[in-house]
1. Does A:ARG49 count as more than 11 Å from chain B (Cβ to nearest Cβ), under 14 Å from the mean Cα position of the chain (by Cα) and touching a residue at least 12 places away in the same chain (Cβ under 8 Å)?
2. Looking at the stretch A:51-96 only, could you name the residues that are aliphatic (A, V, I, L, M) and open to solvent by 10 Å² or more (accessible area, probe 1.4 Å)?
3. Among the residues in the stretch B:406-425, are any within 24 Å of B:SER49 (Cα to Cα), in contact with a helix residue (DSSP H, G or I) (Cβ under 7 Å, 6 or more places away or on another chain) and among the β-branched types (Val, Ile, Thr)?
4. Which of the residues that make up the stretch B:359-389 are of a type in the set (Lys, Arg), assigned to a helix (DSSP H, G or I) and open to solvent by 10 Å² or more (accessible area, probe 1.4 Å)?
5. Would it be correct to say that B:LEU101 is within 14 Å of another protein chain (Cβ to nearest Cβ), under 18 Å from the mean Cα position of the chain (by Cα) and more than 26 Å from B:TRP218 (Cβ to Cβ)?
6. Need the failing condition index for B:GLY209 against (1) in contact with a Lys or Arg (Cβ under 9 Å, 6 or more places away or on another chain); (2) more than 9 Å from chain A (Cβ to nearest Cβ), just the number.
7. Just checking, which of A:ARG191, A:ARG152, A:ARG166 is away from every other protein chain (no Cβ under 14 Å), part of a helix (DSSP H, G or I) and not hydrophobic (A, V, I, L, M, F, W, C)?
Amino acid sequence: MNHGPLIFLGILFTFASAWCGLVLVPHQQLADLAPNVSEETGQSFPQARPGDAAQGARLYTSLGCVACHTQQVRPEDGGGDIARGWGSRRSVARDYLYDMPLQLGNQRLAPDLANYGERLGTNPPPYLHLYNPRAVTAGSFCSANPFLFTRRATNNTLSPDALRLRKGFEIEVGSELVPTREADQLVAYLRSLRFAVGLPEAPLKTAEETK
Amino acid sequence: MSPTGTIAKTDALADSPPAPPPLAELDASCQLPVLYFLLSGLAWLLVGSLLQFEAVVRLLFPDWCAICPAMSYGRLVPAAENALVYGFASQMGLGIGLWLLARLGRTPLVAPGLIAAGNVLWNLALTVGILAILLGDGTGHAGLEMPAYSQWMLLAAYMFVGIWAVQTWAHHSSGPLYASQWFLLGALFWFPWLLTTAQLVVVTFPGRGVLPAITAAWFVGGIQHLWLTPLALAAIYYFIPVITGRPLRNYHLAVIAFWSLALFGAWSGPARLIGGPVPAWIVTSGIVATVLLLIPVTIVALNTWPVLGSRLGQVCQNQVLRFLAVAVVCFVLVNLGNAVNAFRFRAAVTHLTLNEWARSFAFLHGFVALTFLGAAYHVVPRLMRRDWPSPRLVSVHFWFSILGLALVVIPAAVDGLRQGRELNDATVPAARILEQLRSVFGWRVLGLTLMGAGNLAFVTNFAWLLVRCWTPGFKSAVAFFANEAAKSVTAR
């Protein structure tokens with residue numbers, strides 16, 4: 001081990017092996033991955049996010065929600081994600097074709113959000129939670145985003161989109177809090193988080209299998 | 001450590017080959033850049049610790065300062081991480097590494113002025129990057145949050161340093177190469193290769209879907225095992241034998257440690273994607289590599305532990321060895337933990353939990369940080385030709401760091417197991433599981449406070465040393481100008 005050039009070559013080759021294996025080959029393997037078109041419904045999945053949701057994704061990234069929230073459902077033998085109702089199937093590479101940047105996350109200090117839109121269903125959108133999670137869930141340490149809302153004067157009746165703040169969180173009478181455009185975008189993004197669609201590589205369970 | 005006595009003694013041991021250039025000359029060539037790197041590394045340590053502290057405060061008091069998005073947890077965490085990895089660990093590691101290159105190669109540092117310029121650019125790139133993250137311009141790629149413009153600047157800054165560092169390496173005196181020199185050479189090449197690839201493939205021209213995440217995971221593994229680890233091992237392989245005065249045991253195995261680290265370190269990254277939406281073979285190769293990393297880890301233990309064990313009394317007393325001994329223990333434990341938890345049945349419980357977080361914290365703050373801080377206790381007095389003003393502050397630094405580290409890591413590692421187990425049990429409500437993590441955050445506040453106090457002790461000692469070194473020069477300058485002024489007045 002006294003020859004500089006030989007050591008250099010070794011340094012180069014060990015690195016190059018991993019570079020080919022973990023950078024080059026995946027790029028070749030996954031480059032042609034395309035949305036899946038369902039034979040039954042003719043619908044393609046996944047779909048690119050519409051403008052509002054795409055803007056919301058930027059906000060989600062910029063605020064670093066990923067520091068606490070993951071967006072990945074692990075397979076059934078690799079954790080309790082599915083049992084917990086965070087998804088109806090494991091997440092696979094195809095689900096993320098239009099996610100840029102990916103917000104997979106590496107810490108679960110909070111519920112997984114990969115299928116948050118699915119879970120939300122027809123419930124009212126989580127504006128209040130975004131404003132202050134404590135106003136919804138006592139004791140939550142989810143970060144508050146009061147800067148996504150504006151205060152405006154009101155004459156006694158709250159406008160339809162104003163936050164309905166419960167006791168302990170009220171603001172002074174004669175004013176109300178309404179979501180900004182950014183808050184709408186973030187909600188649009190959160191609603192778009194769903195992949196309860198079967199794929200060839202990750203089929204949804206049929207009703208009998210679930211039993 | 002008694003002042004000049006110990007310096008002379010340990011230097012004499014480093015001096016066995018014939019007729020080297022005087023050490024004073026080597027140190028003089030290093031003084032400017034190494035001092036720059038150590039000082040700016042320290043400054044980033046303080047900044048990063050502060051951001052980290054603020055982040056955990058936000059977990060405990062989420063409504064405090066909530067109106068300011070720059071202070072949100074999601075921005076503080078990546079800002080702190082980048083400040084600590086690129087600001088603190090990388091710069092301290094480079095500083096120590098440059099000094100080792102000159103010492104071990106018995107050759108003065110090439111182009112110290114340009115290296116110092118690289119340091120200035122590096123700090124500029126990092127300041128821009130951290131501010132960008134706090135202001136919301138982070139990239140959102142795990143481990144590569146600084147925006148492209150600041151990362152390219154960082155790469156340019158590295159070139160100033162790396163090119164001349166490799167030149168210095170190549171000027172090494174004839175004679176056998178020491179293990180530290182292999183590790184340094186590897187790190188000096190791997191870092192720019194890693195950063196360039198990640199920049200191109202993840203940040204600047206990202207591929208579709210999960211591709212950037214795969215490359216980012218590979219990159220994060222590389223930064224750990226091909227950059228910070230070899231820099232730290234270079235220091236460990238030099239200081240332990242030089243200070244104890246005993247050769248490393250089983251030294252012939254070190255060559256295997258180096259090559260296995262090079263290979264498995266490069267492949268280990270994707271293990272952190274376990275359970276994720278990527279092709280299974282990619283994760284599997286990461287798992288295999290992470291487990292095989294136990295080969296270099298075992299060899300490092302075989303090389304160093306017998307030496308440390310045979311000099312236990314000295315290890316407990318010596319300013320530098322104490323730090324290094326704890327660092328080596330952390331290195332072994334963290335990698336052992338990573339290997340065990342790489343297996344799928346373990347990862348099902350521990351992946352994505354605080355247990356995993358605790359291991360990466362112990363890697364950075366236990367292994368890497370303690371190695372470089374300990375090494376700085378040896379290097380700085382030689383650069384400045386003066387010993388530490390207060391040995392007591394060194395002890396304060398050591399004990400506070402160790403205690404703080406334990407308070408941060410142990411509760412997180414233990415409670416992370418509960419977190420993982422309960423999250424896998426659908427009958428326990430998620431909100432309740434997560435709320436119980438608060439006690440861990442409480443311990444973390446305490447631990448980070450202690451670690452911060454310890455680091456402040458180091459900074460105080462360092463500042464005191466610099467003041468002492470620079471006071472005579474300052475005084476004589478003042479006296480000179482006073483004299484001149486007096487002369488000109490009397491001349492009138």
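1. Considered against the rule, which asks whether it is more than 11 Å from chain B (Cβ to nearest Cβ), under 14 Å from the mean Cα position of the chain (by Cα) and touching a residue at least 12 places away in the same chain (Cβ under 8 Å), A:ARG49 comes out as yes.
2. A:ALA54, A:ALA57, A:LEU59, A:LEU63, A:VAL66, A:ALA67, A:ILE82, A:ALA83, A:VAL92, A:ALA93
3. The answer is yes, given that some residue of the stretch B:406-425 is within 24 Å of B:SER49 (Cα to Cα), in contact with a helix residue (DSSP H, G or I) (Cβ under 7 Å, 6 or more places away or on another chain) and among the β-branched types (Val, Ile, Thr).
4. Listed by number, the list holds a single entry, B:ARG359.
5. Taking the combined requirement at face value, the residue satisfies it.
6. (2)
7. After ruling out the rest, the residue left standing is A:ARG191.
Yes or no, residue by residue, for (1) of a type in the set (Val, Ile, Thr); (2) under 27 Å from A:LEU33 (Cβ atoms); (3) at pLDDT 90 or above:
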residue	(1), (2), (3)
A:ALA114	no, yes, yes
A:LEU128	no, no, yes
A:TYR131	no, no, yes
A:VAL136	yes, no, yes
A:PHE147	no, no, yes
A:PRO160	no, no, no
A:SER175	no, no, no
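The values are calculated or read from the model by the stated rules, or taken from the named source; none is laboratory data. As the structure is a computational prediction, the values presented were derived from the model and not from experiment. Neighbour counts are summed over all protein chains in view; Cβ atoms, including those assigned to glycine, are modelled from backbone coordinates with ideal geometry. What goes into the accessible areas is simple: the full protein's heavy atoms, side chains included, and nothing from ligands, DNA or RNA. Shrake-Rupley method; radii C 1.70, N 1.55, O 1.52, S 1.80 Å.
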